Amino acid sequence: AGLRGLPAGEWHAYGRTGDGQRYSPLDQITTANVAGLQEAWHIHTGDLRGQPGDPEETTYEVTPLKIGKTLYLCNPHQTVLALDATTGAEIWRFDPRLQGKLALQHLTCRGLSYRAPRASAAMATPMPMPTSAPDACAANGKLFMPTADGRLIALDPASGKPCTGFGPAQGQIDLW
């Protein structure tokens, strides 16, 4: 484990750490071997601009999170995806179903936030054990997704299901 217990190959926040350090200790890619890199996989999220109700500008600006063997990202239309970091295979997808007519200049999602499980809960149920039990988010941690319609949604990283114990509305709070 590296800085504050964060494994070297992981990226748990926008700036890698909660402190916004933006430094990766990985050293396998160097100026000597970078020219020999090959694409391992790519993904088409299916998120295309020009959908009914879209503003003029729709942009992809996400910084994915890497937690364990999973990448988590969101797209401009606010869908959250979990991908196998090795193969790129989709593990789960969550659509928050934006509510109401949005008056936006642009539509984007810059990223998610992650809160690790409490130490006692993590020992009881290691991540990523898929479960829909009420305490799954306590055991697996939480992903937080702010939406363009003013909500904050907490998701179980293992299943992509809302954390029903978060907020008064079954896994979400109204930020308005």
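The values are calculated or read from the model by the stated rules, or taken from the named source; none is laboratory data. From a predicted model like this one, the values you see are computed outputs, not experimental measurements. No Cβ is skipped: glycine too gets one built from the backbone with ideal geometry, and neighbour counts run over all protein chains shown. Side chains are part of the model used for accessible areas, which takes the heavy atoms of the whole protein and leaves out ligands, DNA and RNA. Shrake-Rupley method; radii C 1.70, N 1.55, O 1.52, S 1.80 Å.
Summed over region 1-44, residues that are out of contact with any strand residue (DSSP E or B) (no Cβ under 6 Å at 6 or more places or on another chain) and basic (Lys, Arg) total 2.
Kindly state which strands (runs of 3 or more DSSP E) lie completely within region 58-176 and contain at least 2 residues that are modelled with pLDDT under 85 and surrounded by fewer than 20 Cβ atoms within 10 Å (Cβ to Cβ). Step through it out loud before you land on a result.
Working: elements: 65-67, 70-74, 80-84, 90-94, 106-109, 113-115, 142-146, 151-155, 172-174.
Correct list: 106-109.
Of the residues in region 62-76, not one is hydroxyl-bearing (Ser, Thr, Tyr) and touching an Asp or Glu at 6+ places or on another chain (Cβ under 6 Å). Restricting attention to region 21-50, the residues that are farther than 25 Å from His106 by Cα and either part of a loop (DSSP other than H, G, I, E, B) or in contact with a Lys or Arg (Cβ under 8 Å, 6 or more places away or on another chain) (or both) add up to 19. Within region 1-52, being open to solvent by 50 Å² or more (accessible area, probe 1.4 Å), over 14 Å from Leu65 (Cα atoms) and touching a His at 6+ places or on another chain (Cβ under 8 Å) holds for one residue alone: Gln51.
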